[in-house]
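Just below is one structure, and these are the notes that go with it.
Read-outs throughout are calculated quantities, based only on the coordinates presented, and are distinct from any laboratory measurement. No experiment lies behind these values; they were computed from the predicted model shown. Virtual Cβ from ideal backbone geometry, glycine too; neighbours counted across all protein chains shown.
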């Protein structure tokens, strides 16, 4: 099913509850979204099920999840699974395409594998850009693919605690620290910077609705710094790894 079709079903289909996903820090439900003959597995995270955090405004995590999808798409990197913000059985929240994957395979099982380097570099840069405070190894999903090269498709999930205006980056992906940022990725960042400078751009309009003004300005500052860098940043003093790491 094409991406536009998936989004249309997620946005307009009937949501049928399957059950609560275990081990999630916030309420997350496995659901089926049905429209006509089409049916999609998805994860529904209602706003009312968000656990209060001292440093993130209450009720904003689902909006941050949606903002991460907007940025991922605007960059052309397609890291975050198709996501919509809509109302369902437990009120407004995000509904995101469920990615079928093996939980035993995650970032730590592929770290250093050059076959995954381009995909992981995109994820690392996205995390820096959106100020991801919780990139655990298990938040990198491997979806098997029938592509000729046989390389699994990587997805990034769980972006509820991103986009803070203060530095919050905590990630397990530091293998590229100090290495040059590939030119094609720099070009993507430059193109996104131009889009954010245009108040009429669709991504700019969406992000202005999802984030506070200080958070959007902080995103622009991080983007400017990242665009002007030659190399991937390295972890400095302080806590730069999530806990638990998986």
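With the Cα gyration tensor of the stretch 3-97 giving a ≥ b ≥ c as the square roots of its eigenvalues, does the rule (a/c under 1.5 for rounded; else a/b larger than b/c for prolate; else oblate) give rounded, prolate or oblate? Oblate. Between residue 212 and residue 51, the distance separating the two model label sites (each 7 Å from Cα on the Cα→Cβ line) works out to 2.2 nm. Annotation for the stretch 158-174 versus the stretch 66-124: alpha-carbon center distance of 14 Å. Stretching the chain fully between residue 16 and residue 183 yields a gain of 55.7 nm (0.36 nm per residue, less the alpha carbon separation). Label positions at residue 105 and residue 143, each projected 7 Å from the Cα along the C-beta direction, are separated by 1.3 nm.
Using helices alone, what [θ] at 222 nm do you get for the chain, with -39,500 (n - 2.57) per DSSP H run of 4 or more residues, divided over all residues and rounded to the nearest 500?
Only helices count here, giving -10500 deg cm²/dmol.
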